[in-house]
1. On the first, second and third principal axes, largest extent first, how far apart are the outermost C-alpha atoms of chain A in Å?
2. Over its Cα atoms, what ratio of radius of gyration to 2.2 N^0.38 Å does segment B:110-226 give?
3. Under unit Cβ charges (Lys, Arg +1; Asp, Glu -1), what dipole magnitude, rounded to 20 debye, does the protein assembly as shown have relative to its Cα centre?
4. Please list, in chain and number order, the residues 5+ apart from A:Ala28 or on another chain whose amide H is under 5 Å from its amide H, with Hs placed from the backbone.
5. Taking only the C-alpha atoms, wrap a convex hull around segment B:170-266 and report its volume per residue in Å³ as a whole number.
6. Mind checking which of A:Tyr252, C:Ala67, A:Ala159 is farthest towards the positive end of the protein assembly as shown's charge dipole, using Cβ charges of +1 (Lys, Arg) and -1 (Asp, Glu) about the Cα centre?
7. Using only the Cα atoms of chain B, what do you get for the radius of gyration and for Dmax, in Å?
8. I'm a student and want to see the number: the projected area of the Cα convex hull of segment A:12-97, averaged over all directions, in nm².
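Just so it is clear, none of the values below were taken in a lab; they were calculated from the coordinates. Quick caveat, the model's predicted, so the values are computed rather than measured. Because the Cβ atoms are built from the backbone with ideal geometry, glycine has one as well, and the counts that use them run over all protein chains shown.
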Amino acid sequence: MGDPAIRFHDLGHAYKPGHWIFQNYSAAVERSSIFALLGPNGAGKTTLLKILLGALKATAGTIEVSGRTAFVPQLFQVTFDYSVLDMVLMGRARNVGVFSQPSARDEEAAMASLDRFGMAHYARDPFHELSGGERQLVIFARALVSEAEILILDEPTSALDLKNQLVVLDWITRLSHEDGLTVLFTTHHPHHALAVADTALLMLGGSRFDQGPARDVLSEENLHALYGVNIKHLSFEHQGEQHETLVPVLPYGTRARNEAANERSRAE
Amino acid sequence: MTTATADRGIAVPSALRKQGWTVPILVGLALLSAIFASLCVGAYPMSFWHSAKLVLHLVWPFSTYNPDLKELTVVKIIRPPRVLLATLAGMGLGMSGTALQGMFRNPLVSPDIVGVTSGAAFGAALAISLDWSPAVIMALGCCTGMMAMACTFSLAKMARGSNDGVVVILSGVFIGAFFLALLGLVEFWGNPFRISHWIIGSFVNADWTKVWTIAIPTLIGGCVLMTLRWRLNLLSLGDLDAQSLGINVGLLRWTIIAVVSVIVASQVAVSGVIALVGLVVPHCARMLVGPDHRRLLPTAALIGALFVLALDDLNRSSVYAALPVGALSAMVGTPVVCLLLWKSRGRGWTRNS
Amino acid sequence: MTEATLSGKAPLSENAISQSFARSSFSQRSFSQRHGWAVPTLLSLGMLLAMLGSLCIGVYPMTFGQAARIVMHLVWPSALPANPPWTVKEITVIQIVRLPRVLLATLSGLGLGMSGAALQGMMRNPLVGPDVVGVSSGAAVGGILAMLWDFSPAGIIALAFCGGMIAMALTFGLAKLAHAGTDSMIMILAGIFVGALFVAMISLIVSKADDAHLPRMVYWMLGTFVGADPKHVAMIGIPTLAGGAILMSMRWRFNLLSLGDLDAQTLGLNVSLLRWLIIALVSLIVASQVAVSGLVGWVGLVVPHCARMLVGPDHRRLLPTAALLGAFFVLGLDDFTRAVIGAEIPVGVLTALFGTPMVCFLLWKSHGKGWGRG
C-alpha cells in the first residue's frame, strides 16, 4: 500500500536517564487501518500516545505523522458546562483564525457531524449531562469535523457500560471503513482488539514488541507472555457466522471448583 | 497482656524518646543563647562584648563590675522588652501554625492563611483607632480573630471541603480578604498612617505593657496547646478516625481554634501582621524532629522564636535598613514556601521529615 | 434495543444508536441558550443608561434629561442649538468632575471583568482571578515604585505592567516547577504565595516612603476613583480598550483552551504562544487599572460567575457579558459611595466587602467541587 499514516523510527522513551520505558521501536501504521496497542500498566502505552500527539518529546528516535490527528481521551471532562454543539464546534479550530470566531458554515459542519452519529437532537444540551458513551460519540463527531485523518483513542471502552462499549467499537470500525480514518487505540481488552483491529502491537516492556496482524499476534501464548495470565481463544458460530473471541481464565479458579473444594472440606 | 508485647511496648519507645528529644533541647539552648546575644546587639554604639559584660552583670548576682548607667539602661530597660516581644511572638506563631496544620491535616495552612491574622488585625485596628486600652485591643482582636477562623472553618465545612485542603485554604483566603477590607474601612475612617505602620508588623516601641499583653495569652495558650499536643496526632488522622478512637473531635477542634485565636490576636495586637512564620516554621521543625506533634509542637515554638528574633536582630543591628519585621518575614518566608511547594512537587506535603 | 439487534451481523444503525441513547427526560434548553445574545445586548443598553444615571449622582443636583443633553453635546457638539439650555456650572460639573470618574469606574470594571473571565477560561479554573494569580499585587508593586520615583503616567503603567507580568510568570513558573498542570489547584497556591511576596514588597516600600508620598500611596492601595481626570481616563482607556479588543477577537479560543493543554494542542492550537499572549494582555489591562485606581479586588473573580449564570459558559458570549457586568458592578459601587454613604469610601474596600461574601457563597454552592455550573 501507499505511504503509511504513521511511521516510528527507533523510538524510545525514558523519564529518567537509563530507565527506558520502551526502546528501539520501529513500525509503520497503514492508512485506513485500525491499530490496537496492548500492554499492562506501565508498559508505555500512554507514553507512546503522548509522543504521538506531540505532548511529549521522545528521548530517542523519530516519529512521522502524515495527516491531522484527533485525540479522544479516556473520559472527557470539562470545567465549564459547554453545550454539545459548542464542543463539536471546537474541532474547527484549525479552520478558524486566531482573532476570529467560527462562522455559520462551521456550525453547519458541526451539526452535520453530530447528525452522522445520531446525536443532532442533543446539540443544545449541556455536554456533561451526557453519559460516558454519548460523550465519546460527541468527541468522535468533533474529530470528524476537524477533518482529522488519524484518530487516536486512549482506552475508548474502559469507562463505558457493556452496550456502549459495543457502540464505540462499532463506530471505530465504521470510521475506518467508511471514512478512511486511521484509528489507533489502546485497550486492556484483548477481545476488543481482536474484534476490530487490523494490526495489534503488544508492548512487552523494554525493546520487546510483538506486532503483526491482530489475529496472529493475539495468540494465547503471546497474551500469556504479555499479561502473565491464561487467555483462551474461542471461536463459535452465531447466526451462521463465525466469531472469535478471547476469554481470560481466572487464576484462582472457577466458582464451581471452589464450591467443590468447599463440599470436600465440609464432608471431611 | 503477654510479656513479649509488654517488653516490646517498653523498650522501643524509650529509645525513640531519648533520641527524639535531643533536637528540641539543642534548639532550646540555641534560643537561650540567641536571647542573650540579642541583648548585646542594637543601634546604641556599644561593642558586642561590652554589652555581653553588662548582660552578665545583670544576671550574675555577685558581679563587681561597675557599669556606666546609660549603657546599663540600654541593656536593662530598652532592649529586653523588644527581645522578649520578638521571642514570644515567634513562639506563638510557630505553635499556632503547627497546631493549625495538624488540625486541618494540611501542611499549607497557617494563621495568616486561614484568616485569623486578618480577623485579629481588624479587631485590633478598630480598638487602636478608638484609642482603647491594650487589654481591649487584645480582647477585640481575639474576638474577631476567632470569628474569622470560625467563618473559614464553617465555610469549608459547608462547601463539604473540610477534608479537602484546598477548599480550606480558599475559604481562608476569601474570609481573610473580607476582614482586610473591613480593616481598610477602619484605616479609612481612622488614622490611616498610624494603622498602616502598625499593620506591617514591627517591634519598634516595645515596652513592658506590650510584653505583658503578649506574654500572658501566649504562655497560657501555649500551655494548653502543649498539653493537647498528643491529641493533635490523633486529630491529624482525620475526623472519622479520631472519633472512632474515642476523641470528642468537635470540642477539641473548637478549643484549638479558640487558643490559636487568642495567641495570634495577642501577637497581632502588639506587633502587627507578621506573615508566613506560622507556615514556614512548622515545616522546618518537621524536618528536624519528624511529624510527631509531641516533639513537633515544642520544637516549632522554639524555632519560631529563633526565626523572629533573628529577623528582628538583623533589623536592629543595621541602622540604615530598619525594615519592618512583618515585611522581612514575608520576604524570607515566601521564597521558602515556594521552595517547599517546588520540592514537594505539589503532592502531599505531609511527609517532609 | 433488543439482543437480536446487538448481536446481529450488520453494524448498528444510526437509528439504533440514537435510540439506545434516547433518554426519558425531554431535552431541556437552558435559559442561556434560548436567549443567546439578548442578555449582552440588554446589558450594554443598561450600561449606557447606568452611565448617564451615574452622572446625575452627587452633591450638585442634575436631572437625567439634562445630563443626557450635556453628554450629547459633548459627544456631538453640533447636534444641539447654539444657546444651550444648561449653565456653565452644570457642564463643568459633568465634563470635568463626573464624566471622568464615571468613565474610570466603567473602564476599570470592564477590564477586570474581562480579565477575570479570560484567566478562568485559560486556566480552566473558576477559582482564579487577577488577585488570585498575583497579577494585581505585582502591578501594585510596579505602580507604587513608580509613584515613589515620581514617574509619568505612562511610566506608572509600564512599571505596573512589568510588575504584573513578573508576578504572573512567577506563578506559572512555580506551578510548573511543582510539576502541576496549568489547570490545577497548585496554580492557585502558587498564586497566593507569589501574591504574598509582592504584598510584602508593598509593605517594604510603604514603610520606606516619606511623608510626601505616603498618604497618596495608602489611599491608592485601597483603590479609589477620587481625583479622576481626563488624563486618567486616557491612561486606563487606551490599554483596556486595545487589550480588550484583542481578547474579544480571540474569545472563541478560550473555549478551546479551557479543554486542557493536550486537547487544545491536538485541535491545532499553539497553546503556549496563545497563553503568553493572553497573560500579556491581561497584565496590561490589570496594570492600567491598578495604575489609575489602585487595588480593586475580587471583581475579576466574582463577575465571570454571574456572567456564566446569565449566558452560559460559551466564551463567545461570556467575555462581553463579563466585561459589561464588571463595569456595572464597579460603577454601581462607586455610585453607592457617592450617593448613599456620601463619604468617599475607597471602592477597593467596597468591592472586597461585597465581593468576598459572594465568592464565599459561590464556594458554598459549589460544594467545593468543579464550580462548573457557574
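1. Result for chain A: principal-axis Cα extents of 79, 45, 40 Å.
2. Values: Rg = 15.1 Å, N = 117, 2.2 N^0.38 = 13.4 Å.
Ratio of Cα Rg to 2.2 N^0.38 Å: 1.13.
3. Values: 70 positive and 60 negative charges, 456 e Å.
Around 2180 debye, computed over the protein assembly as shown.
4. Amide H to amide H, under 5 Å and 5 or more residues apart or across chains, A:Ala28 pairs with A:Phe8.
5. Value for segment B:170-266: 129 Å³ per residue.
6. Farthest towards the positive end: C:Ala67.
7. 21.2, 72
8. Averaging across all directions leaves 8.2 nm² for the Cα convex hull.
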